[in-house]
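Report on the following structure.
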Amino acid sequence: MKYLIIGTAGHVDHGKTALIKALTGTDTDRLKEEQARGISIELGFASLQLNDKILAGIVDVPGHERFLKNMLAGTGGIDLAVLVVAADEGIMPQTREHLAMLQLYGVRHGVVAINKVDKVDQEWLAMVEEDIKDLLKGTFLANTPLCRVSAISGEGITDLKAKLTQLSEQLTPRDSEAPFRLWIDRVFAAKGFGVIVTGSVLTGQVSIRDMLQIYPTNDVARVRGLESHGVKVDTIYAGQRAAINLAEVKKERVDRGMALSALDHSQVSDTWDVITQWHSEVKSGTRVRLHIGTGEHIGRLYSFKNAAPSYMRLILEAPLAAAIGDRGILRLYSPQYLIGGVRLVAPGQPSRTLGPARQSLADALRTNDTKQIIYRLVSEFRRPVSKAEILKVSGYLLEQQVVTILSELTAAGAIKVLDGYYLSNETLQELSDTLKSLLSDYHRDQPERGGAPLESVRQKMGLDEKSFNLLIAYWQPSEIITNNGSEIALPEYAAKHTDKKLSIRTQFEAVISPDELLTIDVELLSEKLQLTRDKAKMVYDLFTGDGTFVRIGDMYLYNKTIEKVAGKLQLYFQENQTINVAEFRDLLQTSRKIALPLLEYFDLHKYTIRNGSQRVMGSKLKNFNIYL
């Protein structure tokens, strides 16, 4: 079965509700006030079986300008519009406004029903038809059929239904395999059942016992029961009207305008970058009403410092849960009139300028290039990104479609895959350039150091540890960097630094004998190597970093000196079973201040084994090659 949603539009009292009743037998005015006043106030719903393969849900919207908010709540998710114009009144203000709103909402299919033809003569009807044709020029209804009908007499109803059936057969059905999504248009509680929400299913399908997420609260609820037009069902599909009984959620936490969705798919923000389509352009900072889905949201529009008026920043007074590409209607806050439509690009970034990456994403959205949209979404992260993150920001696309596009982009070389994470070549190049610049600056400012500390580089690049480690794992074999485990350097610098390090080591070994039991510090190096204190500090840091200088308690000793001492200790144990601190001090002809921490170092590294105040030879010393 093919499912779709038909929505009405048109001026108040032009017979929209009567027309639906003539088509379906259902009176969609359910409120007592509506029935008493003879006008629609709230949304109404009916079901229309067009043929044995197509079932349509119909949303009846109020036509009075005072209830425009409710009208817009019912228009955002329709597949096909029926613009109703009364033959006796012709085109009226809400006829024009509703048509403009349908256009801005992106509705692309529909028919025009000229109602109440039984009230006018043919000459008048012909003039009304000409006015309608002029109004429709340049709109999605420009070439649509005009159906002459009378909801009261039944004239033309069969023809209208045939036209609706014909158009419905041509429509591509909504994707029931994509993630589930519904804008909530009604919320109520039923005794013994709990919370029930209704809405039109935009994408996906839902079954009893499924878990769904309510946005923007992020509450998770279980589907307890399902109905479509009063019929209990086990599963509801895209294009159907749905009444969903939710468990594990309170009614106070749910309201019209919220989204009911598959888990982890919507984005929530009070700041959105948008593409605007102006009906009546306004100044930056203007307070507006955004109608999107079934909700109304108050906020202000701000222009970017570097972008055309078609790109704006929308800052709302409360968070909005939405997805890339969602369309909305803008009305001035007061007085309330139509100023245009928007298409959401992505949650806003902390900048008053529109960055090139965001501009590229907006441009891809304008052309509806899905592959380019996915590529730009990956690029926007500025880091390696998981498939789950990509699926979340790509809205309600079918997962397999996204995976296929990622595979195609990878095969084309536009995207790199780093241990299951995706990174655009554009971002990789930018990050690589940033890294090279950082390292180049570091090497210039710290010429005596072998490389920049990894953690320092990560923080300067603004990357999380996972992303940084993935990039390091790519950069190292690609010979963009050398990595010694704690520091990284540009390969050309590392080679030069190795030569310089060898030169410094040669100078050091020429003036410092391993036979001298010297504690190494900056002052000693400055004196022996005839360096300034800053240069001596660099050498000190270099050799403590590579293990040339070994920490013994609160001091540093030359590693070859330690080997010399170990050799002397080994020889000592050839003639003695034990040694204490005093004997060790005398052996080295040094002070207790040096002897004690050195002996404790040997204990720690298994050169000796302590037994009370005495030490015996340890396993490492037994196998030690004497270096004398």
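The values are calculated or read from the model by the stated rules, or taken from the named source; none is laboratory data. A quick note: this is a predicted structure, and the numbers were derived from the prediction, not measured. Neighbour counts are summed over all protein chains in view; Cβ atoms, including those assigned to glycine, are modelled from backbone coordinates with ideal geometry. Surface areas here come from the heavy atoms of the whole protein model, side chains and all, with no ligands, DNA or RNA. Shrake-Rupley method; radii C 1.70, N 1.55, O 1.52, S 1.80 Å.
A few comments on the model shown:
- Selection within the range 422-452: residues that are touching a Leu at 6+ places or on another chain (Cβ under 7 Å) and farther than 12 Å from Trp475 by Cβ. The member of this set that is surrounded by the fewest Cβ atoms within 10 Å (Cβ to Cβ) is Ser440.
- Extreme residue, modelled with the highest pLDDT, among residues of the range 2-43 that are open to solvent by 30 Å² or more (accessible area, probe 1.4 Å) and among the basic types (Lys, Arg): Lys2
- Among the residues of the range 572-589, those identified as open to solvent by less than 50 Å² (accessible area, probe 1.4 Å) and in a helix (DSSP H, G or I) are Tyr572, Phe573, Val581, Ala582, Phe584, Leu588.
- Here Leu344 does not fit the description of being under 22 Å from Asp264 (Cα atoms) and modelled with pLDDT under 95.
- Which numbered condition Gly154 misses (of (1) modelled with pLDDT under 95; (2) touching a helix residue (DSSP H, G or I) at 6+ places or on another chain (Cβ under 8 Å); (3) surrounded by 14 or more Cβ atoms within 10 Å (Cβ to Cβ); (4) more than 28 Å from Leu397 (Cα to Cα)): (3)
- Odd one out for Met92 among (1) surrounded by fewer than 21 Cβ atoms within 10 Å (Cβ to Cβ); (2) under 22 Å from Gln277 (Cβ atoms): (2)
- Verdict on Asp219 being in contact with a Leu (Cβ under 8 Å, 6 or more places away or on another chain), among the charged types (D, E, K, R) and surrounded by fewer than 21 Cβ atoms within 10 Å (Cβ to Cβ): no
- Subset of the range 111-142 that is under 16 Å from Lys16 (Cα atoms) and among the hydrophobic types (A, V, I, L, M, F, W, C) - its residue that is surrounded by the fewest Cβ atoms within 10 Å (Cβ to Cβ): Val111
- Close contacts from the range 548-571, counting a first residue that is under 18 Å from Glu523 (Cβ atoms) and a second that is among the polar types (S, T, N, Q), with Cβ to Cβ under 6 Å and a gap of 6+ residues or different chains, come to Thr548/Asn559; Met555/Thr519.
- The range 585-601 residues that are over 14 Å from Tyr556 (Cβ atoms), paired with ones that are acidic (Asp, Glu) and open to solvent by 50 Å² or more (accessible area, probe 1.4 Å) (beta carbon under 9 Å, 6 or more apart): Ala595/Asp586
- Number of residues in the range 375-399 that are free of Cβ contacts under 8 Å to residues at least 40 places away in the same chain and part of a helix (DSSP H, G or I) equals 5.
- Residues of the range 342-351 classified as open to solvent by 10 Å² or more (accessible area, probe 1.4 Å) and within 23 Å of Ser280 (Cα to Cα), total: 1
- Qualifying residues in the range 63-81 (those that are open to solvent by 10 Å² or more (accessible area, probe 1.4 Å) and at pLDDT 85 or above) - the one nearest to Gly10 (Cα to Cα): Ile78
- Test: residue in the range 490-508 that is touching a residue at least 40 places away in the same chain (Cβ under 8 Å) and under 23 Å from Leu418 (Cα atoms): yes
- Matching option when the condition is basic (Lys, Arg), over 24 Å from Gly44 (Cβ atoms) and outside any loop (DSSP other than H, G, I, E, B), among Arg209, Arg222: Arg222
- Residue that is surrounded by the most Cβ atoms within 10 Å (Cβ to Cβ), among those in the range 409-421 that are in contact with a strand residue (DSSP E or B) (Cβ under 9 Å, 6 or more places away or on another chain) and within 18 Å of Asp369 (Cβ to Cβ): Ile415
- Flag if Ile58 is at pLDDT 90 or above and β-branched (Val, Ile, Thr): no
- Subset of the range 269-284 that is touching a residue at least 60 places away in the same chain (Cβ under 8 Å) and surrounded by fewer than 18 Cβ atoms within 10 Å (Cβ to Cβ) - its residue that is nearest to Asp185 (Cα to Cα): Thr271
- Scan of the range 296-325 for residues that are small (Gly, Ala, Ser), open to solvent by 10 Å² or more (accessible area, probe 1.4 Å) and touching a residue at least 12 places away in the same chain (Cβ under 8 Å), ordered by number: Ser303, Ala307, Ser310, Ala318, Gly325
- Residue list for the range 352-366, filter: in a loop (DSSP other than H, G, I, E, B), touching a helix residue (DSSP H, G or I) at 6+ places or on another chain (Cβ under 9 Å) and open to solvent by 40 Å² or more (accessible area, probe 1.4 Å): none
- Condition check for Thr203: at pLDDT below 95 and β-branched (Val, Ile, Thr): yes
- Verdict on Pro335 being modelled with pLDDT of 95 or more and either over 30 Å from Arg458 (Cβ atoms) or open to solvent by less than 30 Å² (accessible area, probe 1.4 Å) (or both): no
- Being surrounded by fewer than 20 Cβ atoms within 10 Å (Cβ to Cβ) and modelled with pLDDT under 90 is a description that applies to Pro145.
- Hey, Arg287 without any contact (Cβ under 8 Å) to a residue 40 or more places away in the chain, out of contact with any helix residue (DSSP H, G or I) (no Cβ under 9 Å at 6 or more places or on another chain), open to solvent by 10 Å² or more (accessible area, probe 1.4 Å) and outside any loop (DSSP other than H, G, I, E, B) or not: no
- Filter result (polar (S, T, N, Q) and surrounded by fewer than 20 Cβ atoms within 10 Å (Cβ to Cβ)) within the range 590-618: Thr590, Ser591, Asn611, Ser613, Gln614
- Within the range 276-292, the set of residues being in contact with a Gly (Cβ under 7 Å, 6 or more places away or on another chain) and among the hydrophobic types (A, V, I, L, M, F, W, C) comprises Trp278, Val288, Leu290, Ile292.
- For the range 184-197, the tally of residues that are in contact (Cβ under 8 Å) with a residue 60 or more places away in the chain and either assigned to a helix (DSSP H, G or I) or open to solvent by less than 20 Å² (accessible area, probe 1.4 Å) (or both) stands at 3.
- For the range 233-265, the tally of residues that are outside any strand (DSSP E or B), of a type in the set (Gly, Ala, Ser) and free of Cβ contacts under 8 Å to residues at least 60 places away in the same chain stands at 0.
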